Amino acid sequence: MIADDLLMHRVDVEQPGRKTDRYGNDVDDWSASTHTAVDAWMQQNTGAEDTDGRNAQIGEWLMICNPFDVNGDPLTIRGEARVHWDGLDLEVVGPPGPAYEPAELHHYEIRLKTVQG
């Protein structure tokens, strides 16, 4: 586990609920989402501007956190989750990366992306 004093950013992990659409497919339902508070380390890896026809700010981030939430419950983060922190709404990019020590899961490394504008 990562020491608590190194995980100085409190983030909100939002997972969508599920519902069946009119064609019988299971789809994300953001109106029935759940929220979990997580202590994490947030680090911006890259930033760019898309100036091809729009004024977009694109940021790629790395979130590192222990495999449990602030209440000590096991943390499950799926690829469709969103992370809210410091006024940013970030999307999880791909499946979260578990990092193991020899005996057990040590922490998660989660790639995030935000696009504004």
Notebook entry, point to check: When the residues of the range 100-117 are filtered to those that are at pLDDT 95 or above and hydrophobic (A, V, I, L, M, F, W, C), which remaining residue is surrounded by the most Cβ atoms within 10 Å (Cβ to Cβ)?
Noted result: Ile110
Note to self: Whether any residue in the range 87-98 is loosely packed, with under 11 Cβ neighbours inside 10 Å, part of a strand (DSSP E or B) and out of contact with any Pro (no Cβ under 6 Å at 6 or more places or on another chain) is what I want to check.
What the structure shows: no
Next item on the list: Among the candidates Ala40, Ala32, Ala56, single out the residue that is among the small types (Gly, Ala, Ser) and either in contact (Cβ under 8 Å) with a residue 60 or more places away in the chain or in contact with an Asp or Glu (Cβ under 7 Å, 6 or more places away or on another chain) (or both).
Entry: Ala56
Check: From the list Asp12, Asp29, which one is surrounded by 12 or more Cβ atoms within 10 Å (Cβ to Cβ), in a strand (DSSP E or B), touching a Lys or Arg at 6+ places or on another chain (Cβ under 7 Å) and not β-branched (Val, Ile, Thr)?
Finding: Asp29
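Residue-wise test of (1) aliphatic (A, V, I, L, M); (2) at pLDDT below 95.
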{"position": "Leu7", "(1), (2)": "yes, no"}
{"position": "Asp12", "(1), (2)": "no, no"}
{"position": "Asn25", "(1), (2)": "no, no"}
{"position": "Gln44", "(1), (2)": "no, yes"}
{"position": "Gly47", "(1), (2)": "no, yes"}
{"position": "Asp50", "(1), (2)": "no, yes"}
{"position": "Gly59", "(1), (2)": "no, yes"}
Item checked: Residue match in the range 56-77 (condition: surrounded by fewer than 12 Cβ atoms within 10 Å (Cβ to Cβ), in contact with a Gly (Cβ under 6 Å, 6 or more places away or on another chain) and not aromatic (Phe, Trp, Tyr)) -> no
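The values are calculated or read from the model by the stated rules, or taken from the named source; none is laboratory data. Since the model is a prediction, treat every value here as computed from it, not as a measurement. Every residue, glycine among them, receives a Cβ derived from its backbone with ideal geometry; neighbour counts consider all protein chains shown.
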